[in-house]
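I have placed the structure first, in the form of structure tokens, so that the comments after it can refer back to it.
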Amino acid sequence: QVQLVESGGGLVQAGGSLRLSCAASVSIFRFHAMAWYRQAPGKQRELVASITSGGSTNVADSVKGRFTISRDSAKTTMILQMNSLNPEDTAVYHCNAVLGSFEYWGQGTQVTVSS
């Protein structure tokens, strides 16, 4: 059973930084792709950033230049480095992983940015 656990969320002032982690119960290199999604109250879920098994990355225009997605050398954790945060980044951030026809989700971590 694959499990994903996010951590690193919290309350930060505008302009600050947070580092989110997604720890997997298996090597993350088994996944075809991993991604971070976020959902703010009353809004649709939004794809924030993704990374393929080959290491190709993509980030949403709304966070480009501020957020970076990566994987740790231990091959068990996906990272989302978030800089220059603003109140519009406030949301629950979820980790997502795809393995074959299966899709896995973490429980989410709250990010709140105060103005």
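Nothing in this text is a laboratory measurement; each read-out follows from the coordinates by a stated rule. Here the structure is a predicted model, which is why all the values come from computation and not from measurement.
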For this session: Quick one: which residues, 5+ away or cross-chain, put their amide H under 5 Å from the amide H of residue 67? H built at 1.01 Å from N.
Result: 83
Problem set entry | Kirkwood-based Rg to Rh ratio, the chain, C-alpha trace | 0.95
Seminar exercise, completed: Here the gain from full extension of residue 32 to residue 110, 0.36 nm per residue of separation minus their alpha-carbon distance, amounts to 25.5 nm
